[in-house]
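Please treat every number below as a calculation from the coordinates, not as lab data. Computed from a predicted structure; not experimentally measured. Quick reminder, even Gly has a Cβ in these numbers, built from the backbone with ideal geometry, and neighbours come from all protein chains shown.
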Amino acid sequence: MLSDTLYVDFLAQPSPGVSVYLQDGWLIRVDRESDQVLGLQIENVLARAARKYPVLMKVLLLTDPAGFEPSPIEQFMREDAAQHLNETADELRWSIPELVAVGD
């Protein structure tokens, strides 16, 4: 089964947390004790979210695919994305306030 979900962890090591639904398939992961935002969970990332926020497509290309083998073209795109890791990380970092504001 394939999933159209992107998980973005803000910490070096994933931590246990709870998912808080914002809207339209967007959830934030929050540490239950400290209320620290741990990451994002974005449902329907290819179907909807990446069209509105193109940086998510760049981030998706940096992930390890789960449940499928990338085509040769997709593998090339993944390798190219890896060469621009710092630029994508910076773009994502600057986009986070807008991304997490989706529930406002």
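Worth a mention:
- Vicinal HN-Hα couplings computed from phi for region 46-51 (Karplus, 6.51 cos²θ - 1.76 cosθ + 1.60; Hz; Gly/Pro x): 7, 5, 9, 4, 5, 5
- Relative to the longest principal axis of the Cα atoms of the chain, the long axis of helix 72-83 makes an angle of roughly 60 degrees.
- When the P(r) of the chain is calculated, the portion above 15 Å amounts to 65% of the C-alpha pairs.
- Straightening the chain between Asn44 and Asp80 buys 10.6 nm, computed as 0.36 nm per residue apart minus the Cα-Cα spacing.
- Estimated from helices alone, the mean residue ellipticity of the chain at 222 nm is -10500 deg cm²/dmol (sum of -39500 (n - 2.57) over DSSP H runs with n ≥ 4, per residue).
- Rounded to the nearest 20 debye, the dipole size of region 5-103 about its Cα centre is 260 debye, using +1 on the Cβ of Lys and Arg and -1 on the Cβ of Asp and Glu.
- Amide H partners (placed H, <5 Å) of Leu22, local residues excluded: Leu27, Ile28
- Residue by residue, region 84-90 carries 3J(HN,Hα) couplings of 10, 4, 5, 5, 5, 4, 5 Hz when phi is fed to the Karplus relation 6.51 cos²θ - 1.76 cosθ + 1.60 (θ = phi - 60°); x denotes Gly or Pro.
- Proximal charge balance of Ser71 [Cβ under 15 Å; K/R count +1, D/E count -1]: -3
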